[in-house]
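Have a look at the structure below before the remarks.
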Amino acid sequence: MRNSISRLAASIALGASLVAGSLLAPSAARAEGEIRIAEQFGIVYLLLNVVRDQHLIEKHGKEQGLDIKVDWAQLSGGSAINDALLSGSVDIAGAGVGPLLTVWDRTKGRQNVKAVASLGNFPYYLVSSNPNVKTIADLSEKDRIALPAVGVSVQSRFLQYAAAKQWGDKEYNRLDKYTLAVPHPDATAALLAGGTELNAHFSNPPFQDQVLANKDVHVVLDSYDLLGPNSPTLLFATEKFRKDNPKTYKAFVDALAEAADFAQKDKGAAADTYIRVTKARIDRAALLKIIDNPQYEFSITPKNTYPLAEFLYRVGAIKHKPESWKDYFFQDERPLQGS
């Protein structure tokens, strides 16, 4: 049966609202020794999979004499993630640099949300099944592009960055009208199956790799061609959580650093962890081939995030201009050497 993309999007939006509603319910203030983490979909969250699988937060908490209770949640889209963080429903938010810069800008001088660390460096692809679309200049009313959140997700910001390069800053949001908010797994399934108006997807690994197995799907845009190797996905928190929970916060950062070292040094074990934790239906050999790509780097050090921040200020998408990447990253006792 051929379903319209509007029905698909409506169904997904309903499910997302139910999940977000449960997370956005009022919650009591958290004491030291508790942490709630919100992640999304894909290999870019593999460090969190390792942290969860090996109980690394609990391990590093015990080293400080603290028993830490860890709760995990999964959402889709930077808007839902930001809402959950600002409502106090989660303590650590995982989303793209686009959502981070949006929430950093809006909370500057108030909640003061900043990034804690990067989750690594990965190319993101805009793919299409429309044979007439070779570059973004070929996109038209005939195309519908799935991405996690319209206007705010890192994929959406990458698309705006590319549009500004193509047509000038005044036209940076020219392609927004062709985009739809659809979670990566659903968009991948829709693009592989066909039968909807959705014919493009600005994705992340492994979803972009899975859909490229379809000979009718091709890459239109590579984020590395836009910005060079960069850290598209970050973890962020409020200043209050960091200040009120120093031991829990430190245990989380130390756990993440250990996970990055583990994943970078043993890609096979990292692949096994991803499959075990996410229960993803992906062939291990295919997954290992993806993450063994030399373009992939599991690291907590941010790389090349500032060009996007400067762009968003330049076009008026954020009001505050960061002087450097350090303005929107917490600087801890072991400061990151990023960009």
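The values are calculated or read from the model by the stated rules, or taken from the named source; none is laboratory data. Owing to the predicted nature of the structure, the values given are computational and were not obtained by experimental measurement. We place every Cβ from the backbone using ideal geometry, glycine too, and count neighbours over all the protein chains shown. Heads up: the accessible areas ignore ligands, DNA and RNA and are worked out on the full protein's heavy atoms, side chains in. Shrake-Rupley method; radii C 1.70, N 1.55, O 1.52, S 1.80 Å.
What's the total number of residues in region 110-166 that are of a type outside the set (G, A, S), without any contact (Cβ under 8 Å) to a residue 60 or more places away in the chain and part of a strand (DSSP E or B)? Selection size over region 110-166: 2. Scanning region 51-67 turns up at least one residue that is under 18 Å from the mean Cα position of the chain (by Cα), open to solvent by 30 Å² or more (accessible area, probe 1.4 Å) and under 24 Å from F298 (Cα atoms). For beta carbons closer than 7 Å, sequence separation of 6+ or different chains, a first residue in region 275-295 that is open to solvent by 80 Å² or more (accessible area, probe 1.4 Å) and a second that is at pLDDT 90 or above and not hydrophobic (A, V, I, L, M, F, W, C), the qualifying pairs are R276/D53; D292/K267.
Within region 168-209, the set of residues being of a type in the set (F, W, Y) and touching a Ser or Thr at 6+ places or on another chain (Cβ under 7 Å) comprises just one member, F207. If I filter region 171-180 down to residues being outside any loop (DSSP other than H, G, I, E, B) and touching a residue at least 24 places away in the same chain (Cβ under 8 Å), which single residue comes out as farthest from the chain's Cα centre (by Cα)? Taking the candidates together, the pick is Y178. Of all positions in region 121-131, none carries a residue that is buried (at least 22 other Cβ atoms within 10 Å of the Cβ) and in contact with a Gly (Cβ under 7 Å, 6 or more places away or on another chain).
Of the listed requirements (1) over 19 Å from the mean Cα position of the chain (by Cα); (2) touching a residue at least 60 places away in the same chain (Cβ under 8 Å); (3) open to solvent by less than 40 Å² (accessible area, probe 1.4 Å), G268 misses just one: (2).
Is there a residue in region 187-203 that is in a strand (DSSP E or B), surrounded by fewer than 20 Cβ atoms within 10 Å (Cβ to Cβ) and under 20 Å from the mean Cα position of the chain (by Cα)? Within region 187-203, not a single residue is in a strand (DSSP E or B), surrounded by fewer than 20 Cβ atoms within 10 Å (Cβ to Cβ) and under 20 Å from the mean Cα position of the chain (by Cα). Going by what's in this entry, would A115 be described as over 26 Å from L180 (Cα atoms), buried (at least 23 other Cβ atoms within 10 Å of the Cβ) and in contact with a strand residue (DSSP E or B) (Cβ under 9 Å, 6 or more places away or on another chain)? Yes; evaluated as a whole, the condition is true for this residue. Taking first residues from region 314-339 that are under 21 Å from N173 (Cβ atoms) and open to solvent by less than 100 Å² (accessible area, probe 1.4 Å) and partners that are modelled with pLDDT of 95 or more and assigned to a loop (DSSP other than H, G, I, E, B), the Cβ contacts under 7 Å between residues at least 6 apart in sequence or on separate chains come to V315/Y172; H320/K108.
Residue-wise test of (1) farther than 22 Å from Q155 by Cα; (2) in a loop (DSSP other than H, G, I, E, B).
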| position | (1), (2) |
| --- | --- |
| A38 | no, no |
| V50 | yes, no |
| E58 | yes, no |
| D67 | yes, yes |
| D71 | yes, no |
| S76 | no, yes |
